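See below for the structure under consideration.
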Amino acid sequence: MEAADEELVESVLAGEVELFGDLIGRYQSRLVNYLYRMLRNEDDAHDLAQEVFLKVYGALDRFDPKYRFSTWLFRVAQNAAIDKIRKRRLKLVSIHRGDTGDGDGGDWELPGHDPTPYQDARNVERGAAIRQAIDELPWEYQELITLRHYGELSYDEIAVLKEMPLGTVKNKLFRGRQMLKERLSDYLTD
């Protein structure tokens with residue numbers, strides 16, 4: 001039987017630091033997936049996940065075991081992602097090169113985004129439609145749906161993370177899903 005997250009935290013704090021790898025193994029893919037949905041960039045999601053695990057490891061002694069470890073981890077990740085998004089907004093760069101002295105003042109050659117094998121799968125069109133529909137939702141619904149379906153957090157974990165009553169979380173998720181259902185009606189009929 002696997003040790004509970006909180007037991008692993010206790011063991012790490014007691015000196016068995018190698019057990020932190022077990023926590024990483026449990027949450028890495030969910031965390032990267034969640035961060036990818038927030039940041040829209042796979043490399044940034046992987047990099048930020050590493051940073052989040054480092055932050056969590058450094059602050060492990062401040063973890064309150066009356067809460068779930070996953071809730072705390074995703075709260076740290078959420079804050080880190082929001083910080084990254086804020087910083088990203090400040091880095092606006094023109095895609096126009098200006099005059100380089102050789103008479104070539106055209107646009108920069110930007111790399112294309114070749115499809116990955118996953119994008120070649122049968123449900124690419126539906127996946128894109130779902131992502132677009134989620135992106136068109138008001139932010140509060142986007143965030144809750146992302147936490148639930150991409151971060152794989154339970155309703156209780158989301159309630160603690162967002163500091164909302166459980167009923168409010170369930171209600172907002174229900175309303176968000178209803179909005180998605182309406183927006184995706186063309187894809188749900190076939």
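The values are calculated or read from the model by the stated rules, or taken from the named source; none is laboratory data. This one's a predicted model, so the numbers in the text were calculated from it and none came from an experiment. Because the Cβ atoms are built from the backbone with ideal geometry, glycine has one as well, and the counts that use them run over all protein chains shown. Heavy atoms of the whole protein, side chains included, go into the accessibility calculation; ligands, DNA and RNA do not. Shrake-Rupley method; radii C 1.70, N 1.55, O 1.52, S 1.80 Å.
Data table
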item	result
Segment 1-84: GluC sites (Glu not before Pro) in DSSP coil with no more than 12 other Cβ atoms inside 10 Å	2, 16
Convex hull volume per residue in cubic angstrom - Cα atoms of segment 143-189	68 Å³
Reciprocal of mean inverse Cα separation for segment 8-53 (Kirkwood radius, Å)	11.2 Å
Using a Förster distance of 22 Å, the FRET efficiency for residue 164-residue 82 (Cβ separation, nearest 0.05)	0.80
Cβ-Cβ FRET estimate between residue 33 and residue 62, R0 fixed at 41 Å, reported to 0.05	0.95
Peptides 29-35, 163-169, 65-71 ordered by average Cβ neighbours within 10 Å, highest first	29-35, 65-71, 163-169
Relative contact order %, segment 1-87, counting alpha carbon pairs below 8 Å whose residues are six or more apart	30 percent
Cα-projected label distance for residue 129 with residue 40, points at 7 Å along beta-carbon direction, nm	2.1 nm
Distance between segment 142-176 and segment 67-87 - C-alpha centres, whole angstrom	15 Å
For segment 1-93: accessible area per residue (Å², 1.4 Å)	62 Å²
